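The next block holds one structure in the form of structure tokens; read it before the comments.
The values are calculated or read from the model by the stated rules, or taken from the named source; none is laboratory data. All values derive from a computational prediction rather than experimental measurement. Glycine gets a Cβ as well: all are built from the backbone with ideal geometry, and neighbour counts include every protein chain shown.
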Amino acid sequence: MKQQATFVFVVTFVCVVTSWASADMSGGSIISWGWDSHGQISHAPTGSGFIDIAAGEFTSHALISDGSIVSWGWDSHGQISHAPTGSGFIDIAAGEFTSHALISDGSIVSWGWDSHGQISHAPTGSGFIDIAAGEFTSHALTPVPGATLLGIIGLSFSGWLLKRKRMI
């Protein structure tokens with residue numbers, strides 16, 4: 001007889017960069033600390049309802065429970081002013097000067113500095129299940145055929161994103 005197991009995960013997302021950090025606490029509010037050279041700390045949004053955060057070199061983005069994105073920090077290459085508007089976003093990633101958002105249909109929106117093709121060479125189409133951004137590279141993950149995604153646990157260090165997934 002096949003047995004079925006139920007797992008409950010409580011996850012707190014934390015993003016850390018070289019000299020400052022942000023944390024999404026269980027209440028959905030953002031707490032930031034560290035070096036505030038370009039508003040990474042002082043311009044962090046207040047309130048609650050945040051479900052994910054991504055920290056780049058001098059820029060951060062938060063995903064709100066309605067699927068919209070709020071951005072703050074240094075806008076040297078459009079990291080803030082070119083951030084997508086609207087809702088329907090399910091994941092965010094921030095690199096050094098480039099950022100990406102994953103839309104609910106699995107398509108990717110990219111913005112910021114295109115120094116090494118991080119924007120112009122972003123994959124098109126839909127069906128992606130995860131995104132990551134580094135200093136000069138970005139990555140998208142496609143699902144394993146026939147697998148079901150059970151959950152995501154994320155950790156970001158200096159814009160390099162490591163996420164563990166369990167596929168069945």
field: When residues of region 3-28 are limited to those that are assigned to a loop (DSSP other than H, G, I, E, B) and in contact with a Gly (Cβ under 7 Å, 6 or more places away or on another chain), the one modelled with the lowest pLDDT
entry: Phe9
message: With the structure loaded, tell me whether Ile69 is within 20 Å of Gly39 (Cβ to Cβ), buried (at least 17 other Cβ atoms within 10 Å of the Cβ), modelled with pLDDT of 95 or more and not basic (Lys, Arg) or whether it fails that test.
response: yes
task: Hey, could you check region 45-65 for residues that are touching a Gly at 6+ places or on another chain (Cβ under 9 Å) and not in a strand (DSSP E or B) and say which is surrounded by the most Cβ atoms within 10 Å (Cβ to Cβ)?
output: Gly56
- request: Would you mind finding the one in Thr85, Thr98, Thr148 that is modelled with pLDDT of 90 or more and either of a type in the set (A, V, I, L, M) or more than 22 Å from Ser32 (Cβ to Cβ) (or both)?
  value: Thr85
- request: State whether the residues of region 155-165 include one that is assigned to a strand (DSSP E or B) and modelled with pLDDT of 95 or more.
  value: no
task: Would you check if there is a residue in region 47-55 being within 15 Å of Ile92 (Cβ to Cβ), at pLDDT below 50 and touching a Ser or Thr at 6+ places or on another chain (Cβ under 7 Å)?
output: no
